[in-house]
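A.B. asks: Structure incoming, see below.
The values are calculated or read from the model by the stated rules, or taken from the named source; none is laboratory data. Not measured: the values here are computed from a predicted model. We place every Cβ from the backbone using ideal geometry, glycine too, and count neighbours over all the protein chains shown. Keep in mind that these areas ignore ligands, DNA and RNA; they rest on the heavy atoms of the full protein, side chains included. Shrake-Rupley method; radii C 1.70, N 1.55, O 1.52, S 1.80 Å.
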Amino acid sequence: MELPLTVEIILKAVVVLAAFLTLPLAIGQTEHKVMAHMQGRLGPMEAGPHGIAQLVADGIKFVQKEDVTPAAADRWVFRLAPAVALIPYLIALAAIPWSAAWVAADVPASLLFVLAVTSVGIFGTLMAGWGSGNKYSLVGGMRAGAQLVSYELPMVLAAASVAMAAGTLSLTGIAQAWSWWWLVWQLPGALVFLIAAVAELQRVPFDAPVADAEVVFGPYTEYSGLGFAFFLLAEYAGIVVMSLLFTVLFLGGWSGPWSDTLGPVWTLLKATMVAILILWLRIAWPRVREDQLQRLAWVVLVPVALVQLALTGVGVVVWG
């Protein structure tokens, strides 16, 4: 049924906002449980059945905490940083398709749009490090900025390989052009993209910007209450966005049996598996040193991504 444009925009905005507020919480709860089972313990069990309301309880706790701004901080930069870190993922989520029809904002060149928007989130971390008036926060913020510069290039090159194979920069078009043999053809690019995405999210083993033994908690050291909660929500929202983006680019998005009706379900299931893999890395891998982190990006990932791009170009010319 055709809806008035204003009503359609409002409904899509409400759905995206609801997904943005629930999916990161689900990822957070999954992390609690995955870590607990991998480490042979129960995990949170008191808040709700089997602890399913633990993230809600944490949110209530953060709301009740005092929100402190250090005397030496740049007040406006310090306070705006959590919003700058969080909002780009909300915008990116609106442009990622769950199926051919389930996309809130099917913008032209949506792949470039999502990659550009997610890159803005790092400014929130930089603002937090610079505006806190704390030397450890500043060091953590600079580490985060260097990490973004290093890992943005291999991520973009890996995504460009898929776009070249599909012949379009539209995420919907890429998912529709996907074929099962891309699992082999684009596998090196998929590994590069996944590693770079984990690094951009500053997750283990690439969490040098928040290494507690070196920089306390990096850019987030001085944050409490809702400010700290927003940074945590941004981290989980980033996992959601990157998992969905990886699914659309490398796993065919909604392709699967009865995709005409179950397309969004297939997208959700595939993205969930990618998210669990990202959570698993936190428990299974140790933190790498800053020099090792940079060497991996420039000596390994960038060359592999360039080779993948070249192979894709040859494949498009020969078989396209």
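A.B. asks: Of K65/K270; K61/K270; K33/K65; K135/K270; K33/K270, which ones are farther than 30 Å apart at the Cα? Write out the running numbers ahead of the final one.
C.D. replies: On the way: K65/K270 37 Å; K61/K270 32 Å; K33/K65 25 Å; K135/K270 41 Å; K33/K270 19 Å.
Too far apart for the 30 Å limit: K65/K270; K61/K270; K135/K270.
A.B. asks: Ranked by accessible surface with a 1.4 Å probe, highest first, in what order do E66, E222 come? If you can, show how the numbers build up before the last one.
C.D. replies: On the way: E66 145, E222 60 Å².
Result, largest first: E66, E222.
A.B. asks: Within the stretch 214-318, what whole-number % of the accessible surface is contributed by carbon and sulfur, with the 1.4 Å probe and all protein chains included in the calculation?
C.D. replies: Working: 3580 of 4800 Å².
Heavy-atom surface of the stretch 214-318 belonging to carbon and sulfur, 1.4 Å probe: 74 percent.
A.B. asks: Would you work out which of Q176, A237, S161 lies farthest towards the positive end of the dipole of the stretch 5-319? Charges go on Cβ: Lys and Arg +1, Asp and Glu -1.
C.D. replies: So the residue furthest toward the plus end is S161.
A.B. asks: Using only Cα atoms, tell me the angle between helix 122-131 and the longest principal axis of the chain; keep it within 0 to 90° and round to the nearest 10.
C.D. replies: 20 degrees
A.B. asks: Any chance you could look up the accessible area of W182 with a 1.4 Å probe, heavy atoms only, rounded to 10 Å²?
C.D. replies: Rounded to the nearest 10, the figure is 10 Å².
A.B. asks: Helix 302-319: angle to the longest alpha-carbon principal axis of the chain, degrees 0 to 90, nearest 10?
C.D. replies: With both axes taken from Cα atoms, the answer is about 20 degrees.
A.B. asks: What does the extension gain come out to for I283 and A101, with contour length at 0.36 nm per residue minus their alpha carbon separation? Please list the in-between numbers first.
C.D. replies: On the way: separation 182, 0.36 × 182 = 65.52 nm, distance 3.70 nm.
That pair, I283 and A101, stretches by 61.8 nm at full extension.
A.B. asks: Between Q176 and A18, what is the spin-label point distance in nm, taking each point 7 Å from the Cα along the Cα→C-beta axis?
C.D. replies: If labels sit at Q176 and A18, their model points lie 2.7 nm apart.
A.B. asks: Using only Cα atoms and rounding to the nearest 10 degrees, what angle (0 to 90) does helix 225-250 make with the longest principal axis of the chain?
C.D. replies: 10 degrees
A.B. asks: How large is the helix-only mean residue ellipticity at 222 nm for the chain, computed as the sum of -39500 (n - 2.57) over DSSP H runs with n ≥ 4, divided by its residue count, in deg cm²/dmol to the nearest 500?
C.D. replies: Working: 14 runs with 224 residues, N = 320.
Estimated from H runs of four or more residues: -23000 deg cm²/dmol.
A.B. asks: Could you check the simple spin-label distance between T261 and S224, using points 7 Å along Cα→Cβ, in nm with one decimal?
C.D. replies: Taking the two extended label points, one gets 5.5 nm.
A.B. asks: Can you pull the one-decimal nm distance between simple spin-label points at M45 and D212, each 7 Å off the Cα toward Cβ?
C.D. replies: About 2.3 nm, to one decimal.
A.B. asks: Rolling a 1.4 angstrom probe over the protein heavy atoms, how many square angstrom per residue are accessible across the stretch 5-319? Write out the running numbers ahead of the final one.
C.D. replies: Details: 14840 Å² over 315 residues.
Each residue of the stretch 5-319 exposes 47 Å² on average to a 1.4 Å probe.
A.B. asks: Using θ = phi - 60° and the Karplus form 6.51 cos²θ - 1.76 cosθ + 1.60, what ³J(HN,Hα) does each residue of the stretch 163-172 get, whole Hz, x for Gly and Pro?
C.D. replies: 4, 5, 5, 7, x, 7, 9, 7, 4, 4
A.B. asks: Rounded, prolate or oblate: pick one for the stretch 5-319, where a ≥ b ≥ c are the square roots of the eigenvalues of its C-alpha gyration tensor, a/c under 1.5 means rounded, and failing that, prolate if a/b is larger than b/c, else oblate.
C.D. replies: Details: a/c = 1.62, a/b = 1.32, b/c = 1.23.
Prolate, since a/c reaches 1.5 and a/b exceeds b/c.
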